[in-house]
Amino acid sequence: MMHVGLTGGVASGKSVVAAKLAQLGAVVIDADALARVVVEPGTPGLAAIRNSFGEQMLAEDGTLNRAALGALVFADDAAREKLNSILHPLIRAEAQRLREAADPNALVVEDVPLLAETGTPEAFDVVIVVQAPREERVRRMVEDRGWSVQQAEARMAAQASDEQRAQIADYLLMNDGSRNELLAKVENLYRQELNPAGMK
């Protein structure tokens with residue numbers, strides 16, 4: 001089994017890379033999806049968020065009020081660190097469970113948005129970092145997600161810098177062209193470096 005960490009800043013194109021690797025046969029474990037699973041109603045994760053940040057973090061139906069939590073943690077470094085201390089151990093445990101359930105010969109790719117921030121790149125055999133020009137990332141967030149420029153800038157400021165992510169990269173994929181160009185880069189990397197079965 002090859003264990004790959006995939007990361008990149010918001011709107012870098014990381015999700016496109018993850019989807020292509022899955023299409024090529026990798027087992028992709030999505031940390032963002034796991035982050036939703038570990039805070040579903042009735043979970044220890046949701047209880048810990050309520051205990052740490054208050055009842056206002058719950059919606060009327062008992063689910064997590066993501067908008068309220070997001071607004072808090074992206075404006076408050078201490079709150080973000082507290083949230084990460086709650087979520088990251090739960091996410092890692094769930095990812096480990098999925099990894100152990102995978103085929104022993106699989107290429108397992110963990111899509112971890114905050115890999116540079118959490119300081120765990122050594123947990124992976126290799127780390128792939130997806131980068132894109134700052135202006136292009138802002139444009140994507142504004143046009144594709146409906147965010148304001150200020151919201152986009154704040155989200156990027158709350159994450160590691162491109163330089164910090166590049167420092168942990170074994171493979172750096174620059175997403176500075178078309179979508180098809182990025183897909184071709186992913187396929188080339190997979191065929192040349194990542195394919196556990198050695199198939200070309």
Original post:
Within the stretch 1-38, can you find the residues that are open to solvent by 10 Å² or more (accessible area, probe 1.4 Å) and not aliphatic (A, V, I, L, M)?
Top reply: His3, Gly13, Lys14, Ser15, Lys20, Gln23, Gly25, Asp30, Asp32, Arg36
**OP:** Report the residue count in the stretch 59-84 for those that are within 14 Å of Ala154 (Cβ to Cβ), assigned to a loop (DSSP other than H, G, I, E, B) and of a type in the set (A, V, I, L, M, F, W, C).
**Re:** 2
Original post:
Hey, among the residues in the stretch 140-189 that are in a strand (DSSP E or B) and within 21 Å of Glu122 (Cβ to Cβ), which one's least open to solvent (accessible area, probe 1.4 Å)?
Top reply: Leu173
**OP:** From (1) of a type outside the set (S, T, N, Q); (2) open to solvent by 30 Å² or more (accessible area, probe 1.4 Å); (3) farther than 30 Å from Glu187 by Cα; (4) in a helix (DSSP H, G or I), pick out the condition that doesn't hold for Pro41.
**Re:** (4)
**OP:** State whether one or more residues within the stretch 85-97 are out of contact with any helix residue (DSSP H, G or I) (no Cβ under 7 Å at 6 or more places or on another chain) and touching a residue at least 60 places away in the same chain (Cβ under 8 Å).
**Re:** no
**OP:** Enumerate the pairs (first residue in the stretch 67-83 and over 15 Å from Asn51 (Cβ atoms); second residue anywhere and among the small types (Gly, Ala, Ser) and part of a helix (DSSP H, G or I)) with beta-carbon separation below 7 Å, excluding pairs fewer than 6 apart on the same chain, so at least 6 apart or on different chains.
**Re:** Val73/Ala79; Phe74/Ala154
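The values are calculated or read from the model by the stated rules, or taken from the named source; none is laboratory data. If you're wondering where the values come from, they're calculated on a predicted model, not measured in any experiment. So basically every Cβ, Gly included, is an ideal-geometry build from the backbone, and we count neighbours across all protein chains shown. Accessible surface areas use protein heavy atoms only, side chains included; no ligands, DNA or RNA. Shrake-Rupley method; radii C 1.70, N 1.55, O 1.52, S 1.80 Å.
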